[in-house]
Amino acid sequence: MKQIIIYCICTFYIGIGQAQILGDLLEKADSLYEAAHVDLEFPKDTNAHFPFSTSIPKKYDANYYQMQLKELEATQFKQDIGLAFKASTNYNFRDAFDEEQNNFNRFRFRAELEWHILKNGFIHNRTKGQQKYNEAENLKLQNRDATKQLWRRQFRIDYSYIANNETIELLTRFLNFENAYFDFLNKLYTEKYIKREQLIRVGNQIHILKSQLELVKQENHIIKDSISENALLKHKLSIFSIKADSISLSSEQYNNSFLQENMQLQHRAINDLSLSVYVNQNINYASTQSQYFPAVGIRFKAPIRFNKRQDIIKTKLQLLAAEEKNKNVGQYNTIITHINAYNEKLKDLQNQYKSWNILEERIRILNLLKAELNTYKTGLLILELTEEKFKVLENIIQIKRQLYTSFSHLYQLCPQDNLQDMLLPYTFEKEVEREAILFTRSAHYTLDFQFEFIRTKAQFSILVPTEDTGIQKYLKDKGVAYSMTTEKEIQTVSQLISNELQKLNI
């Protein structure tokens with residue numbers, strides 16, 4: 001009899017000890033969740049703005065200096081009228097016989113001024129000057145594209161820096177949570193409430209997070225000196241949708257008349273003709289006599305050949321038109337590709353938002369069940385779901401990077417200059433049809449518990465039996481909208497609770 005009493009007493013104290021340990025574990029799980037839950041918010045920014053500027057400093061704009069260079073070269077050619085000065089001298093130390101002069105020349109000097117009129121001369125320089133001017137004007141037409149390309153490269157550095165800062169902040173909080181979560185699981189494992197595999201999984205996650213955090217910090221350290229001032233004003237990347245009417249799918253046609261004129265100038269008939277006028281002064285000092293005489297003359301040179309000049313011009317113009325058309329078609333296809341990619345990423349973002357809402361709903365349900373059932377499993381499941389919420393936020397940052405990449409390409413290809421004209425703050429909430437659920441009395445759950453449970457789910461519309469005036473009054477006092485029905489085949493709140501407990505294996 002005494003042994004039975006001692007056994008009962010020991011069992012009683014062991015039960016009290018286990019209950020105390022379990023209570024401590026539940027309190028620890030609650031504190032972990034509350035500490036993590038404070039900063040876990042889905043990034044919905046309805047007042048989002050795009051602070052990035054499209055201006056590029058001139059010192060970084062190579063196209064600007066190319067235009068300046070072409071204009072200077074054009075001016076130089078137009079100021080060159082084709083004059084050339086030549087001078088030659090010869091001194092004979094041995095009084096050798098000069099067959100050309102038929103004399104014994106000791107000293108000979110010639111100074112000549114020549115004016116080239118056609119090839120490599122006055123007309124040629126005017127043509128080259130006009131070609132350089134046309135090249136400068138063509139660069140001005142393409143200046144916006146060149147500036148946008150420069151902007152896109154700088155913009156990628158800027159938004160990468162901001163996304164990295166956002167990632168560093170998130171991963172730091174995630175790592176702190178995982179460390180505390182690992183300690184909590186270690187206590188559960190010590191008390192033999194869980195298996196070792198859960199500890200190993202969280203330990204691997206901690207190792208991965210440390211590696212990721214180190215890599216992102218190194219990347220930001222490398223690009224920090226290259227970011228613009230606007231990137232320092234933004235701490236998180238806002239999410240935008242693109243205005244459908246702001247994107248021009250028909251690529252802008254450049255005025256390529258400057259290139260066409262250059263092709264005409266390049267193949268003019270007089271380009272191969274050489275004509276110059278010269279005047280010179282000759283001095284010949286010989287052993288018998290000396291000569292001093294001026295001279296004038298004309299030099300002309302023309303190649304004798306058959307050419308296809310007109311055919312070449314026609315073919316080159318056709319080639320230019322074909323290249324421009326191919327460029328426009330390629331640009332058109334690229335715009336469509338980036339628009340589709342942007343919309344697909346918005347769908348991925350919306351799916352992450354759905355996952356977030358599901359996680360929050362399940363956490364609300366578990367918090368309610370935890371207060372009702374007082375079991376450590378609910379606290380453990382809440383922490384697992386909190387871990388999933390961190391992963392959702394991590395996925396969102398990656399999607400935002402991809403959205404900004406697609407947008408930067410779109411802005412470069414489209415004719416719009418104002419960024420704000422293309423963007424709208426993205427709205428996550430969309431109207432959905434709510435599923436009907438029957439709120440009735442239950443032998444297992446009180447009305448208050450059923451009411452609190454249904455509040456954790458936002459996708460149901462409440463129906464009440466027509467004959468049950470007590471529940472109708474109860475919901476009126478709570479200020480909850482409901483509808484009355486006579487149907488009995490609708491799922492009840494009690495059945496929903498039972499199904500949820502079955503899913504959670506509680």
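In this structure, the pairs whose alpha-carbon distance is over 31 Å, taken from K148/K217; K148/K316; K234/K377; K187/K354; K148/K389, are K234/K377; K187/K354; K148/K389.
Multiply the residue gap between E394 and L319 by 0.36 nm, knock off their C-alpha separation, and tell me the result in nm, one decimal place.
The span from E394 to L319 would gain 22.0 nm if fully extended.
Using θ = phi - 60° in the Karplus curve 6.51 cos²θ - 1.76 cosθ + 1.60, the 3J(HN,Hα) couplings for segment 29-45 round to 4, 5, 5, 4, 5, 5, 5, 7, 5, 4, 9, 8, 10, 6, x, 9, 10 Hz; x is entered for Gly and Pro. Starting from the Cα of I270, step 7 Å toward the Cβ, then list every residue of segment 127-157 with an amide N under 11 Å from that point. Residues 127 fall inside that zone. Given the alpha-carbon gyration tensor of segment 213-361, what are the semi-axes of its equivalent ellipsoid in whole angstrom, ordered largest first, with each equal to the square root of 5 times an eigenvalue? After scaling each eigenvalue by five and taking roots: 70, 29, 12 Å. Residue separation of N307 and A443 scaled by 0.36 nm, minus their Cα-Cα distance, works out to 38.5 nm of gained length. Based on protein heavy atoms only, segment 118-238 ends up with 55 Å² per residue of surface accessible to a 1.4 Å probe.
Sorting E114, E384, E229, E261 by solvent-accessible area of protein heavy atoms yields E229, E261, E384, E114, largest first, with a 1.4 Å probe.
For segment 317-399, the per residue solvent-accessible surface stands at 47 Å², with DNA, RNA and ligands left out and a 1.4 Å probe. Full extension of the chain between I336 and Q142 yields a length gain of 67.7 nm, computed as 0.36 nm times the residue separation minus the alpha carbon distance.
The values are calculated or read from the model by the stated rules, or taken from the named source; none is laboratory data. Keep in mind that this is a model prediction, so the values were computed, not measured. Quick reminder, even Gly has a Cβ in these numbers, built from the backbone with ideal geometry, and neighbours come from all protein chains shown. These accessible areas exclude ligands, DNA and RNA; they are computed on the full protein's heavy atoms, side chains included. Shrake-Rupley method; radii C 1.70, N 1.55, O 1.52, S 1.80 Å.
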